[in-house]
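Reading through the structure tokens given below for one structure.
Nothing in this text is a laboratory measurement; each read-out follows from the coordinates by a stated rule. None of the values given here were measured: they were computed from a predicted structure. We place every Cβ from the backbone using ideal geometry, glycine too, and count neighbours over all the protein chains shown.
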Amino acid sequence: MKTLEEKQQMIAEFVGHESSHFPKHYHLHKINLPLTKLEDLKFNSSWDWLMSVVENIESMGFSTSTNTIGAQHQVTKFEIFSGGASVLHSIDKSKKQAIFNAVVQFIEWYNEN
């Protein structure tokens, strides 16, 4: 199981941010942050950062869907599709966490295929 730091690094690399010659630092040119420590990446906590990754996935031809499930104990299901077929999904009480988990799963799946 990957640590949060490993997941953040994987996402940063997936969206094209460049690794720095300083260990565990990234040049985040796409979001106007010239040099950022790995532990300061916010893909798991910032809607802006996370949604930029979702938009990147969608620009690759995949589609996404967010649904609320359950009447009293609501959870969010975030799903990623390719050609109308579900590639993967994540379910969590927190919408942001469901999306983050699905993004991480998608990148792992994408890198393997």
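Give me the pairs, please: first residue somewhere in the stretch 53-77 and on the phi < 0 side of the Ramachandran plot, second residue anywhere and part of a loop (DSSP other than H, G, I, E, B), beta-carbon distance under 6 Å, and either six or more positions apart or on two chains.
V53/V15; N56/V15; T68/Q74; V75/K93
Within the stretch 60-106, can you find the residues that are buried (at least 19 other Cβ atoms within 10 Å of the Cβ) and part of a helix (DSSP H, G or I)?
A98, I99, F100, N101, A102, V103, V104, F106
Which numbered condition in (1) in a helix (DSSP H, G or I); (2) surrounded by 13 or more Cβ atoms within 10 Å (Cβ to Cβ) is the only one that N111 fails?
Just one mismatch for N111, condition (2).
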